[in-house]
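Okay, structure first, notes after.
Every number in this text was worked out from the coordinates using simple rules, so none of it is lab data. It should be emphasised that the depicted structure is a prediction, and the values quoted were computed from it without experimental measurement. A quick note on method: Cβ atoms are made from the backbone with ideal geometry, for glycine too, and the neighbour counts reach across all protein chains shown.
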Amino acid sequence: MLSIEITRECPLSCPGCYAYGDSHLGGGVTLSELNDLRGDELVEGVLGLVRKHRPLHVSLVGGEPMVRHRELGRILPALSEMGVFTLVVTSGVIAIPAEWMDLPRVRVAVSVDGLAEDHDVRRKPATYERILKNIEGREVNVHWVITGPMLERSGYLEEYVRFWSARPEVDRIWVSVYTPQIGEQSREMLGAEDREKLARELPEIGRRYPKLLFNEGIAKALLHPPKNPDDCVFAKMSANYSADFETRVEPCVFGGEPDCSQCGCSASSGLHWIRSVKVAGPVRVGHFIGGSVKIGRMMNRLRARGARPGRWDSTGGGAKRKRGDLVQIGS
């Protein structure tokens with residue numbers, strides 16, 4: 001799996017956003033200080049990383065990747081032709097081109113953090129009104145990051161799922177839980193009782209609203225997340241690049257020093273659960289994953305110019321880049 005922050009630009013200023021944190025890229029440079037690419041350089045940069053790593057799945061994130069929608073209009077058809085599954089993760093602040101819906105293996109996920117009363121404050125100008133307008137006639141997934149304050153009102157979870165399940169544009173609803181950095185103290189964080197509440201209520205809500213992807217296996221992974229990056233299937237099986245296409249994001253998409261004991265990443269939870277699924281007798285999916293990772297590491301050592309992530313060796317990081325002007329979108 002490959003994740004690329006294709007731009008440092010974003011018109012939002014969401015509280016708790018890890019991408020612009022001082023430690024996201026290891027402390028030597030921040031996302032807003034990188035030189036990002038545009039036009040042909042951006043298109044060739046993305047395709048070059050895909051050819052280098054040969055992933056099955058690519059996530060194109062930011063910043064706000066839709067700021068580069070013209071380049072994405074060239075990148076996505078190319079990746080589709082290459083047989084790569086591609087996910088664009090957006091705030092929904094910019095309209096999604098209708099022609100993308102016809103591309104095989106391309107999916108768009110819109111981040112909607114809570115009901116309008118909370119989301120519109122946190123993520124303006126990407127308000128509910130704007131999102132609904134920009135996804136009209138499209139097919140998208142909704143990605144929901146649950147934060148502590150959302151659990152203070154009874155019925156909040158089901159109200160959110162009911163609203164987005166009723167939208168014809170929504171195919172699936174993914175759930176993540178806010179993942180803090182080590183030592184962080186913030187309102188967004190969830191306590192142990194909050195996690196138990198989610199693990200108890202969300203599978204039941206999912207049975208009533210099938211668009212919600214949350215079962216008992218994921219609930220168990222949420223209560224017992226990976227101990228550290230080396231225990232995380234997602235961290236071990238992904239390579240993550242920032243906006244200059246050189247700086248690595250380590251040890252996972254969160255960067256910095258994520259508190260794995262409080263991890264709530266939907267991808268991490270899903271893979272953490274899947275590895276425990278039995279295939280035959282005592283053999284589980286995790287045995288195949290572990291073997292695959294070992295073989296990959298061995299092959300990278302044998303290759304003269306291996307494309308292994310920085311966490312697989314002692315190198316990494318990037319030089320400080322020149323700051324440029326950021327795109328701003330009016331509300």
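Report whether or not Val110 is in contact with a His (Cβ under 8 Å, 6 or more places away or on another chain) and under 25 Å from Arg167 (Cα atoms).
On the way: in contact with a His (Cβ under 8 Å, 6 or more places away or on another chain): yes; under 25 Å from Arg167 (Cα atoms): yes.
Taking the combined requirement at face value, the residue satisfies it.
Scanning segment 168-196 for residues that are among the charged types (D, E, K, R) and within 14 Å of Leu223 (Cα to Cα) yields a total of 4. Regarding segment 106-122, can at least one residue be identified that is of a type in the set (S, T, N, Q), out of contact with any Cys (no Cβ under 7 Å at 6 or more places or on another chain) and more than 21 Å from Thr179 (Cβ to Cβ)? Taking every residue of segment 106-122 in turn, none turns out to be of a type in the set (S, T, N, Q), out of contact with any Cys (no Cβ under 7 Å at 6 or more places or on another chain) and more than 21 Å from Thr179 (Cβ to Cβ). Condition check for Ser176 on (1) hydroxyl-bearing (Ser, Thr, Tyr); (2) out of contact with any Asp or Glu (no Cβ under 8 Å at 6 or more places or on another chain); (3) free of Cβ contacts under 8 Å to residues at least 24 places away in the same chain: one failure, at (3).
If we keep just the residues of segment 1-47 that are β-branched (Val, Ile, Thr) and not in a loop (DSSP other than H, G, I, E, B), which is surrounded by the most Cβ atoms within 10 Å (Cβ to Cβ)? Filtering segment 1-47 for residues that are β-branched (Val, Ile, Thr) and not in a loop (DSSP other than H, G, I, E, B), the one surrounded by the most Cβ atoms within 10 Å (Cβ to Cβ) comes out as Val46. When we screen Asp230, Asp171, Asp244 for residues that are free of Cβ contacts under 8 Å to residues at least 12 places away in the same chain and either β-branched (Val, Ile, Thr) or in contact with a Lys or Arg (Cβ under 9 Å, 6 or more places away or on another chain) (or both), the only hit is Asp230. Of the residues contained in segment 250-259, none is found to be surrounded by 18 or more Cβ atoms within 10 Å (Cβ to Cβ), over 30 Å from Leu25 (Cβ atoms) and touching a helix residue (DSSP H, G or I) at 6+ places or on another chain (Cβ under 9 Å). Restricting attention to segment 140-163 and to residues that are exposed (fewer than 15 other Cβ atoms within 10 Å of the Cβ) and touching a residue at least 24 places away in the same chain (Cβ under 8 Å), the residue that is nearest to the chain's Cα centre (by Cα) turns out to be Pro149.
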